[in-house]
Amino acid sequence: MNSIELKSRAKINLSIDVLGKRQDGYHLVEMIMQTIDLSDVLRIKESDTEDIVIKSNSGDIPLDDNNIVYKAITLLREKFNINKGIEVFIEKNIPVAAGMAGGSSNAAAVLVGLNKVWDLGLSEKELQEIGLALGADVPFCISGGAALAQGIGEELTYIKGLSEDVIILICKPNLFVSTKDVYGGLDLNNIDNRPDNRYLIECLKNKDIKAVAENMVNVLEGVTSNMHSEISEIEKMMIDNNALGAMMSGSGPTVFGLFNNKEDALNAKKELMKKYEQVYLVNSSERGIEVNG
Ligand code: ATP
C-alpha cells in the first residue's frame, strides 16, 4: 500500500498591502510571503476502503469534511476520477488560525503527496493551479521560499528571501482572530501607511536585514491591534530585547520579530514565555513542502 510523509511549512508575511476588493469579495493584495521552518507533518496512506479519514494530535482543527485536507483529497479524487480511500494523520505544530497559513500549507502538502501516491505526474505549476480552488495562499505554500504575491495572493513573483541565518521569533497569543472580521474592519480609503514592496525586495536582495526589519508594514495590523492589545505588547517586548523589527503576520494574531543576534532572540523568547505558550525560534526556509525520508 502506498504511503508518504511530508513536512508542511508555515509562512510569515514581511509586508501586506490591500489594494482593493473584487466583486466576489476577495481582496486584492500585494504582499511578501516568506516560508519558515515551522512545520506540521502529514502522514498520508492509501486505505482499502473508499473513505477519507483524518486524524490529528490537535484538538483545534476539524476532522470532518470541514478540514481543508479533506477538501484537497476530495478535489483531486473528483478531478481525476479516483475513488480510493485515504487516511491522513496531521501532526499539528503550526498554531491554528494564526495568520501563518497552516491550513493552506496542509492542503498544499496533500496535493504534493497524492500527486506522488497516485502517480498523477502533475507539475508544480499544475498543482498550484489546482490548489488555488482551495485557497488563495495554497499556490504559494506548494512552492514556498519567498515571493511577492499579487492578485488575490495567487500571482507569484519569486524573490530572494530572508537568509537562513536571520533569527525569526514567533509568538502566537492565545486569542482568536477572524480573518474575515479583520479584512472587514479595514477602511480601504483610509490606509495611511503602506509598505514599499519594491524597496523591501531590493533590501532582501542586498541582505540588508536591518532595512527589511525597519520597513516591514502590514496594513491589517491596525485593525487587529485595535481589538487586541497583545499585538503591540508582544512587539514591544521583542523590540525591548533588540529585535531589528517586529510585525504581525497575516491577519494575526501571530507576531514575529527579526533578530541578527541569537542571545537577544533567546532572551526575548524567555521573556515572552512568561506570558505566552506558543513561542518559537525559527529560520527561513526555501521550500514549502518537503517529502520526508
Ligand atoms: P491564513 O494565514 O491562510 O489565513 P491561518 O493561519 O490564519 O491561515 P489556519 O491555521 O489555516 O489559519 O486555520 C484557519 C481555520 O481553518 C481554523 O479555524 C481551522 O479550524 C480551519 N482548518 C481546517 N482545516 C485545517 C487544517 N488542516 N489546519 C489548520 N486549520 C484548519
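The numbers here are math on the coordinates, done by the rules we state, and not lab data. Treat the numbers as computed from the prediction; the structure is a model and nothing was measured. Here the Cβ is made from the backbone with ideal geometry for all residues, glycine too, and neighbour counts use every protein chain on show.
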Cross-link partners of Lys236 among aspartates and glutamates (Cα-Cα below 20 Å; sequence separation of 8 or more within a chain): Glu214, Glu221, Glu263, Asp264, Glu271, Glu277
Estimated D of the range 3-159 in µm² per second, where Rh is the Kirkwood radius over Cα pairs and Stokes-Einstein applies at 20 °C, 1.002 mPa s: 136 µm²/s
The chain: equivalent-ellipsoid semi-axes (sqrt of 5 x gyration tensor eigenvalues, Cα, Å): 32, 21, 18
Expected-Rg normalisation [2.2 N^0.38 Å, Cα atoms] applied to the range 84-129: 1.30
Reachable lysines, given that their alpha-carbon falls under 24 Å from the alpha-carbon of Lys205 and they are not under 8 places away in the same chain: Lys11, Lys160, Lys262
Max mean-square fluctuation residue, GNM over the chain, Cα-Cα springs under 10 Å, options Gly151, Gly184, Gly245: Gly184
Calculated from backbone phi, Karplus (6.51, -1.76, 1.60) coupling profile of the range 188-198 in Hz, x at Gly/Pro: 4, 8, 9, 9, 8, 10, 10, x, 9, 5, 4
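Once you've got the Cα coordinates, tell me which of Lys21/Lys210; Lys207/Lys274; Lys7/Lys84; Lys71/Lys207; Lys92/Lys125 are over 28 Å apart.
Where the Cα-Cα span goes over 28 Å, the pairs concerned are Lys21/Lys210; Lys207/Lys274; Lys71/Lys207.
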³J(HN,Hα) computed for each position of the range 166-171 - Karplus, 6.51 cos²θ - 1.76 cosθ + 1.60, integer Hz, glycine/proline x: 6, 9, 10, 9, 10, 9
Largest-first principal axis extents of the Cα set of the range 70-212 (Å): 51, 34, 30
Longest to shortest principal axis, alpha-carbon extents of the range 149-198, angstrom: 36, 31, 23
Charge dipole of the chain about the Cα centre (unit charges at C-beta), most positive-ward option of Thr74, Gly161, Val255: Gly161
Cα convex hull volume per residue for the range 167-282 (Å³): 99 Å³
Karplus (6.51, -1.76, 1.60) ³J(HN,Hα), θ = phi - 60°, over the range 270-280, in Hz, Gly and Pro reported as x: 4, 4, 5, 6, 5, 10, 10, 8, 9, 10, 9
